[in-house]
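The values are calculated or read from the model by the stated rules, or taken from the named source; none is laboratory data. Just so we're clear, the structure is a prediction, and the values are computed from it rather than from any experiment. In this analysis, Cβ positions are derived from the backbone assuming ideal geometry, glycine residues included, and neighbour counts consider all displayed protein chains. Quick note on the areas: whole protein, heavy atoms, side chains included, nothing else; ligands and nucleic acids left out. Shrake-Rupley method; radii C 1.70, N 1.55, O 1.52, S 1.80 Å.
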Amino acid sequence: MSQPQHHAASPELERLTLGFVPLLDAALLIVARERGCFAAQGLDVSLSRENAWATLRDKVAAGLLDGAQMLAPMPLAMSLGLGRAPCETLAPLLLSRNGNTVTLSASLCQASGATLGSDPADSALALGNWLRGAGSGRRPRLAMVYPYSCQHYQLREWLTLGDIAPDRDVELVALPPPRMVEALRDGQIDGFCAGEPWGTLARHCGVGRLVATGAQLWHDHPEKVLGVTRSWAQRYPATLAALLRALVAASDWLAASPDHRHQAREWLALPPYLDRSIRHLATLDSNTAPIHQHLYGADMLRPTPQAALHFAQPIVRQLEAQGSRFDPALLAACYSPVHFDAATHH
């Protein structure tokens, strides 16, 4: 375990609670706690497992959580008041890039001929052609994790590649990630777009097949972030800096050795975290084809407004359709690297 480090400003808070949803890209939070990276920064951090993104969002906004792993678009959506009352929220660090899969039921893949290839348009067109032919009259029910998510926007983009109208030809529903595999197995949904490990678990269990990945659709996009409210960041700047340094240390430790990534997999498999949902994974190694999930690395953690443009564009289009104007300064504020740079002396 690391020894406590003393910086000019001690954290204002000694104890804090961070929320997470059981996904592989909660890895940095879990490693920072189990490895002692938080403790080395003078922080006693509890991790609170939340099964639904809306619950996590509301707890952060209400101050019941000090911060959380968040979907990358969530700080922007919260700041804009989309889905709830406005709550200015920041993303001072990236927790992952890529990691999503579009997964269809084995029976739908067999009927439509949709398979995973190098071009996601191929599987989308296979499904679209089937829906326009033999599958005519049948609207597949497809799940995504939250309306303001890369999963939702990527699923819609994949469907349009097959000339499938997301609002007419299929039924889109929101489901918490841990519900996806069970819902697919029980026939409640015909497919989903979610982060790992849920797509590969569906494949491992024989109930689903991957037909596209987020990395194919949006190369190297930010997927999860650390999210805190602006008011929390202003009230506890030294605590935030310590939190960011701890997560950087966890990333460095993961990057240093395959043995470390195997140990991280064992931590993630503990019952409070991801438990049996990662029984099919031998190690916590990322950036393997076709998912190319990045969970650590010095070049991954620093946020920028430019990297947020992928998922900001659908939100801007939605606002404009409602007659609202989007202020680019809000995007710049949400994903500014200023807190990260100050904490790590960039």
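Screening Leu301 on (1) over 24 Å from Leu90 (Cβ atoms); (2) in a loop (DSSP other than H, G, I, E, B) shows it passes everything except condition (1).
Taking the listed residues Leu82, Leu127, Leu131, Leu16, the one that is surrounded by 24 or more Cβ atoms within 10 Å (Cβ to Cβ) and either touching a residue at least 40 places away in the same chain (Cβ under 8 Å) or more than 17 Å from the chain's Cα centre (by Cα) (or both) is Leu127, with no other qualifying.
Within segment 203-232, which residues are surrounded by 16 or more Cβ atoms within 10 Å (Cβ to Cβ) and under 18 Å from Gly117 (Cα atoms)? Once the filter is applied, which keeps residues that are surrounded by 16 or more Cβ atoms within 10 Å (Cβ to Cβ) and under 18 Å from Gly117 (Cα atoms), segment 203-232 yields Arg203, Gly208, Arg209, Leu210, Val211, Ala212, Thr213, Gly214, Ala215, Gln216, Leu217, Trp218.
The lone criterion from (1) open to solvent by less than 10 Å² (accessible area, probe 1.4 Å); (2) of a type in the set (A, V, I, L, M, F, W, C); (3) part of a helix (DSSP H, G or I) left unmet by Ala238 is number (1). Only one entry of Arg235, Arg265 meets the criterion of being charged (D, E, K, R), modelled with pLDDT of 95 or more and closer than 30 Å to Gly117 by Cβ, and that entry is Arg265. Pro92 falls short on exactly one of the conditions (1) open to solvent by 30 Å² or more (accessible area, probe 1.4 Å); (2) under 18 Å from the mean Cα position of the chain (by Cα); (3) not β-branched (Val, Ile, Thr), and that condition is (1). Six or more apart or on different chains, Cβ under 8 Å: which pairs go from a residue in segment 23-52 that's in contact (Cβ under 8 Å) with a residue 40 or more places away in the chain and within 16 Å of Leu268 (Cα to Cα) to one that's acidic (Asp, Glu) and assigned to a loop (DSSP other than H, G, I, E, B)? Could you list them? From segment 23-52, the pairs are Leu23/Glu196; Leu24/Glu196; Asp25/Glu196. The residue that is surrounded by the fewest Cβ atoms within 10 Å (Cβ to Cβ), among those in segment 283-298 that are of a type outside the set (Gly, Ala, Ser) and within 11 Å of Arg97 (Cα to Cα), is Asn287.
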